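Below is one structure, written out as structure tokens; comments come after it.
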Amino acid sequence: MVGITVLALSLTGVSAASAALPAQPDFGPNVTIFDPSMTTAEIQSQADAIRDEQVDNEMGEQRHSLLFTPGTYGTAEEPLMLEVGYYTEVAGLGLLPSDVQINGHVDVYNRCLTPDNCIALTNFWRSVSNLQINVMGGEGCRSTGNFWAASQAAPMRRVKVAGNLTLMDYCTAGPQFASGGFIADSVTSTVTNGSQQQYLVRNSSIGTWSNAVWNQVFSGVDGAPAQTFPDPPYTTLATTPLTREKPFLYIDGKGTWQVFVPKAETNTAGTTWEDGTQAGRSIALKKFFVASPSDSVRSINRELARGKHLLLTPGVYDVRDSIDVNRSDAVVLGMGFATLTAQNGTTALRVGNVQGAILAGITIDAGARNSKVLLQVGSKHGRDRSSAKNPVTLSDVFFRIGGPHVGRADVSLEVNSNNVLLDHLWVWRADHGEGWGWTVNTTKNGVVVNGDNVTATGLFVEHFHQYNTVWNGEKGRVIFYQNELPYDAPNQAAWKHGSTLGWAAYKVNDRVKKHELWGGGAYIYTNVDPTIHATRGFEVPVRPGVKLHSLLTVNLGAGTIDHVVNDTGAPVSNDNTGTPSYVVSFN
């Protein structure tokens, strides 16, 4: 691992009992820090106020981090009941998840769009991490588990759930749909999957998993269901070929604020922390430039060039020139869904030809003026400095084109570097909100990968005009892919190329010799014109080294996908809405 001193840190002896209450950094008004000296009622009151602001604030600009210093919160008699709304991060500040104990709940419930339409399908952009939930409290049905009824861009990382975890809200009026989530580096006992149409659990330990729907993927998970795709549709990998967990804030035993940066590892299973040690390095917070939305890109770039890492506090940043990360091992960490909005057609964030740089916890929005690319990793020119042992890593990086406002971009993410890890990305062209429509939030592709040896664990890409994902590099690996084709094509003539109807969700370049995908789903819902067809969901060269496992297509109520991959697989259409067409393997 070039350029990094890696420590196997002991994770014991750093609880609140050994640390005085630390001085609090100035993270600005959108970060709320709780400590065990506060009463449950005080904490509950502040958390409830943020919940009330955020629970229906899907396209708003407010952002929040709720941070808990090491200690215990809530009791059996007075449990702490946290409900997590949009753009809200709930995180512990210990080095171990058990350093922060929540006796109560950290919940996401169905959102009722109308009194008889309560779903989790749009419960996006929220997170919980680095703490232990001892499930207790709640009235009636709500007492039966900790509810995390969320869909895309709602990660659960580094969490221990002592009690039932349910990924659907079966207590609220129906239809109770949920669609897509991500759990990593966590420990659970019983898990109720319920209505979750697809899910990725990576490098965790689970007790039981209730059921599958369309596409449940487990990679490096102790206790995972056996491989049975498609009946039921479980895809199970014993180990994950490449991992690097997301960096996180913590307070050490001396009361010093640090950021822990885990080491990249290969062929792993289970969590990074259960055995009491974790490979990685700690960086003192004083080595970060703590930015706020009022800081200019010039100021941010100046601090990065001076050798600082970057911490983006919660808020919306207007980015009129590119933020440039040109140093190996630089860390850019966002808090509370910090959002970069590209202005003037800029590329909001550029990573140079470096190794080991990490971008985590960042949302990138397109602006009204078209950007060629929103995030570029590596230049197409210059010497390749990448490292297989120290990959550039993107964790919980989310993109939006339209939704809160008009947005336009040809490509959301372009990866030119070799040896890059993409760990949980949602790349979204809006299908609702503001500033969307076939000729409004215009795009070409969501993700374009030109580099070799790029690995993705949890890739969600949706609604782009042409190929949603284009993979040009060699030796790509993708574990879990979820896609919805664009809803809003006005007619077939507007959505075709040559003699091919529509565009595939996932395109591997015809020249690629080695590529592998596990657990891929493409869905169609062309409700503007239900007669529209897509010739295929996945399009790949037919070569021995190109291998696809556990594929499916689904009609969500309008439109037809004629084949799953190339010319293989039965069609899905309005005649079989909601019933997947499966291909177990293709090469």
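Structure above, values below:
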{"quantity": "Phi-based couplings in Hz for the stretch 443-452 (Karplus 6.51, -1.76, 1.60; Gly and Pro marked x)", "calculated": "8, 10, 10, x, 10, 10, 10, 9, x, 8"}
{"quantity": "Percent breakdown of C-alpha pair distances by 5 Å bin, ordered from the shortest bin, for the stretch 252-387", "calculated": "2, 10, 17, 20, 20, 14, 9, 5, 2, 0"}
{"quantity": "Efficiency of FRET from Cβ geometry, residue 116 and residue 143, R₀ 22 Å, rounded to 0.05", "calculated": "0.35"}
{"quantity": "Prolate/oblate/rounded call for the stretch 7-243, Cα gyration tensor, a/c under 1.5 rounded", "calculated": "oblate"}
{"quantity": "Alpha carbon Rg of the stretch 446-587, scaled by the compact-globule rule 2.2 N^0.38 Å", "calculated": "0.96"}
{"quantity": "Inter-label distance for residue 567 and residue 33, nm, one decimal - labels placed 7 Å from Cα along Cα-to-Cβ", "calculated": "6.4 nm"}
{"quantity": "Distant-in-sequence amide H partners of residue 364 (H built 1.01 Å from N, under 5 Å)", "calculated": "340, 398, 399, 400"}
{"quantity": "J(HN,Hα) series, the stretch 458-473, from Karplus relation 6.51 cos²θ - 1.76 cosθ + 1.60, nearest Hz, glycine and proline x", "calculated": "x, 10, 10, 9, 9, 6, 7, 5, 10, 4, 5, 9, 10, 10, 9, x"}
{"quantity": "About the Cα centre, charge dipole magnitude for the stretch 7-243 (Lys/Arg +1, Asp/Glu -1 at Cβ), debye", "calculated": "700 debye"}
{"quantity": "Simple Cβ-charge dipole of the stretch 310-586, Lys/Arg +1 and Asp/Glu -1, about Cα centre, in debye nearest 20", "calculated": "860 debye"}
{"quantity": "Taking the stretch 310-586 and dividing mean pair separation by its residue count, relative contact order in percent (alpha carbons under 8 Å, at least six apart)", "calculated": "10 percent"}
{"quantity": "Relative packing of 378-388, 82-92, which averages over residues the other C-beta atoms within 10 Å, highest first", "calculated": "82-92, 378-388"}
{"quantity": "Theoretical FRET efficiency, 1/(1+(r/R0)^6), r = Cβ-Cβ of residue 48 and residue 228, R0 41 Å, to 0.05", "calculated": "0.45"}
{"quantity": "Whichever lysines have a C-alpha closer than 19 Å to that of residue 254, once near sequence neighbours (fewer than 8 apart) are set aside", "calculated": "286, 287"}
{"quantity": "Lys, Arg +1 and Asp, Glu -1 on Cβ, resulting dipole of the chain about Cα centre, debye, nearest 20", "calculated": "2320 debye"}
{"quantity": "Coordinate range along principal axes, alpha carbons of the chain, Å, largest first", "calculated": "69, 58, 42"}
{"quantity": "For the stretch 39-118, Kirkwood radius (reciprocal of mean inverse C-alpha pair distance, Å)", "calculated": "13.6 Å"}
{"quantity": "Cβ crowding within 10 Å averaged over residues, with 420-429, 401-410 ranked highest first", "calculated": "420-429, 401-410"}
{"quantity": "Lysines with Cα under 21 Å of residue 507, excluding same-chain neighbours fewer than 8 positions away", "calculated": "372, 380, 444, 475, 496, 547"}
{"quantity": "Cα-Cα separations in the stretch 223-289 greater than 13 Å, expressed as whole percent", "calculated": "72 percent"}
{"quantity": "Radius ratio Rg over Rh of the stretch 91-220, counting only Cα atoms, Kirkwood formula for Rh", "calculated": "0.95"}
{"quantity": "Largest to smallest principal axis extent of the C-alpha atoms in the stretch 310-586, angstrom", "calculated": "52, 44, 31"}
{"quantity": "Estimated vicinal HN-Hα couplings, Hz - the stretch 125-130 in sequence order (Karplus 6.51, -1.76, 1.60; Gly, Pro = x)", "calculated": "6, 7, 7, 9, 7, 6"}
{"quantity": "Degrees separating the helix 40-54 axis from the principal Cα axis of the chain, which is the longest one", "calculated": "30 degrees"}
{"quantity": "Within the chain, helix-based [θ] at 222 nm, where runs of 4 or more DSSP H residues each add -39,500 (n - 2.57), nearest 500", "calculated": "-1500 deg cm²/dmol"}
{"quantity": "D (Stokes-Einstein, µm²/s), Kirkwood Cα radius, the stretch 185-298, 1.002 mPa s at 20 °C", "calculated": "131 µm²/s"}
{"quantity": "Two-decimal log10 I(q)/I(0) for the stretch 275-351, as the Debye equation yields it once each C-alpha is a single scatterer, q = 0.19, 0.21 Å⁻¹", "calculated": "-0.78, -0.93"}
{"quantity": "Contact order relative to length of the chain, as percent, for alpha carbon pairs under 8 angstrom and 6 or more apart", "calculated": "8 percent"}
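Read-outs: derived from the displayed coordinates by stated rules, not from any lab. All figures in this text were calculated on a predicted structure; none of them were measured in a lab. Positions of Cβ are generated from backbone atoms using ideal geometry, with glycine treated the same way; all protein chains shown enter the neighbour counts.
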